[in-house]
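Just so you know, all these numbers are worked out from the coordinates, no wet-lab data involved. Because the structure is a prediction, the values reported are computed rather than measured. Note: ideal-geometry Cβ built from the backbone for every residue, glycine included; neighbour counts use all protein chains shown.
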Amino acid sequence: MLKIYDVETARKTILMRAPLNTMEFPPDVMAATEKRFGAGVTPAEAVTEILTSIRLEGDQALRRWTLILDGAQLADFKIAPSRLAQAYDILPGKLREAMTVSAERIRAFHTLQPLPNWQSGALGGVLGQRASPIKTVGVYVPGGTAPLPSSLLMAVIPAQVASVKDIIICTPPGPPASILAAAQLCGIEEVYQAGGAQAIAAMAFGTESIPKVDKVVGAGNLFVTLAKQQLYGFVGLDGLAGPTETMVIADESARPDWVAADLLAQAEHDVLASALLLTPSPGLASAVQARVARQMEDLSRAGIIAQSLAQRSGIVITADLNTAATLANEYAPEHLCLAVRDPWSLAEQISNAGGLFLGERSFEVLGDYNAGPSHVMPTGGTARFASPLNVLDFIKITSLIALDDKTSRQLVPWAAEFARAEQLTAHAAAAEARLAGGQDV
């Protein structure tokens, strides 16, 4: 049952955020971790063990963890390009067409994003910046109970638009044909069978089989997120993906059956997923609650949905839409859907959201697959400061400094003054040497 809350209760429960390192792990996750790593070992400690072993032992450790955690004994991690082509060839025609439409729209959207090269002489000489692509990127594509070839498209294509030279993919052993076909559609030839924290470690450190990359992107399970957290600062990362979440703000004009369907679509991802409705209409709240209960009976992942709805989801009755917008900005959802009479007006009040879906025809499922923007979006409240995956995630900026002689001489005294204030006398001397003139002897 999807519960209905008042604002204050919701703030203390379903709208309350907690840091990743304070999250309470589900009992089944703890039990599985202890079974494989020993009594009392936490998921974070297990990930540390995996990362350390792969850093020191390379392929040997990767093979061991692949057998222990995935039950797969692999002689070769790389999937032959011929298998990718074969997977694409046998893909059902309608699915191939759906993938192609998605790929075309994702590429078209990201091609519109500007790459910020510029130079200016306004400050003396030449100042500017140069945008250049990251050389090597690793994309993690999750397997699990719901393999996501769409996530491959959403991560690979922005990197290609940014002109990243080398892109590799890691995905758990035994990937479905749809993931291999998506790689073929994108023209990627380096696909490796490696999953979980061990895959992130292999791409970060490099092994005999899997090349070291400069940046790792792509969402995954808890262990993937913990691995990325522990590798922060050693390898580039797109962010720490927590459980997926959607928030719908709806008024009395919204269709209850559509709102219910959108909430259920999010809840089926994961037992830790969040599906939230904010509305000033008690009548809509009751209608959505009833339709959620009715619709979920016919869904294949009803068990997962039921846990998600019970643990991290709910309906919040707000005083008005302004209050709903305030709550949304506090929560900073990954996806925010505005199912209201005037979505553009309400959107002006929203400052924190990974993706903003305006109107009931712009629903989140289209964002998941083929609207155009990447569906890899900030979770866990990080939309307060982070962005969806985009072309700029695969670009690095180099500052250009080419001052003319006059400007350089003008700046020296001020730089030297600053340096002495910071007790960095060698800095001051290096600056003032430029004013002394003459040659070193």
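Under the simplified labelling scheme, the residue 111-residue 208 pair shows an inter-label distance of 4.4 nm, with each label point 7 Å from Cα along Cα→Cβ. The angle separating the long axis of helix 425-436 from the principal Cα axis of greatest extent in the chain is about 50 degrees.
Once the Cβ-Cβ distance of residue 75 and residue 98 is raised to the sixth power relative to R0 = 25 Å, the FRET efficiency obtained is 0.15. Of the GluC sites (Glu not before Pro) found in region 196-280, those that fall in a DSSP loop while having at most 16 other beta-carbon atoms within 10 Å are 208, 252. By how many degrees, between 0 and 90 and to the nearest 10, does the Cα long axis of helix 256-267 differ from the longest principal axis of the chain? Computed tilt is about 60 degrees. If the segment from residue 298 to residue 257 were pulled out straight at 0.36 nm per residue, it would be longer than the present Cα-Cα gap by 13.4 nm.
With a threshold of 19 Å on the Cα-Cα distance, the over-threshold entries among 165/396; 12/228; 135/212; 135/396; 35/78 are 12/228; 35/78.
Look at 163, 82 and count the other Cβ atoms within 10 Å of each Cβ; fewest to most, that gives 82, 163. Expressed to the nearest 5 percent, the antiparallel share of DSSP beta bridges inside the chain is 25 percent. Shown here for region 306-406: chymotrypsin sites (Phe, Trp or Tyr not before Pro) in loop regions (DSSP other than H, G, I, E, B) with at most 14 other Cβ atoms within 10 Å, namely 385. Among 16, 154, the order by Cβ neighbours within 10 angstrom, fewest to most, reads 16, 154. Shape class of region 250-396 from the alpha-carbon gyration tensor: oblate, with a/c at 1.5 or above and b/c at least as large as a/b.
The calculated FRET efficiency for residue 320 paired with residue 166, based on their beta-carbon distance and R0 = 45 Å, is about 0.30. Its alpha carbons considered, region 24-70 gives a radius of gyration followed by a Dmax of 11.2, 32 Å. Relative to the longest principal axis of the Cα atoms of the chain, the long axis of helix 282-295 makes an angle of roughly 80 degrees. Among rounded, prolate and oblate, which fits region 311-366 when a ≥ b ≥ c are the square roots of the eigenvalues of its C-alpha gyration tensor, a/c under 1.5 means rounded, and a/b larger than b/c means prolate? Cα axes put region 311-366 in the rounded bin. May I ask you to list the trypsin sites (Lys or Arg not before Pro) in region 67-160 that are in a DSSP loop and have at most 16 other Cβ atoms within 10 Å of their Cβ? Listed in order of number, the matching sites are 135.
I need the Debye-formula profile for the chain: one equal scatterer per C-alpha, no solvent, reported as log10 I(q)/I(0) at q = 0.09 1/Å, two decimals. At q = 0.09 Å⁻¹ the computed log10 ratios are -0.68. Between residue 384 and residue 409, the contour length at 0.36 nm per residue exceeds the alpha carbon distance by 4.8 nm. Put in order of Cβ neighbour count within 10 Å, fewest first, the listed residues 417, 334 become 417, 334.
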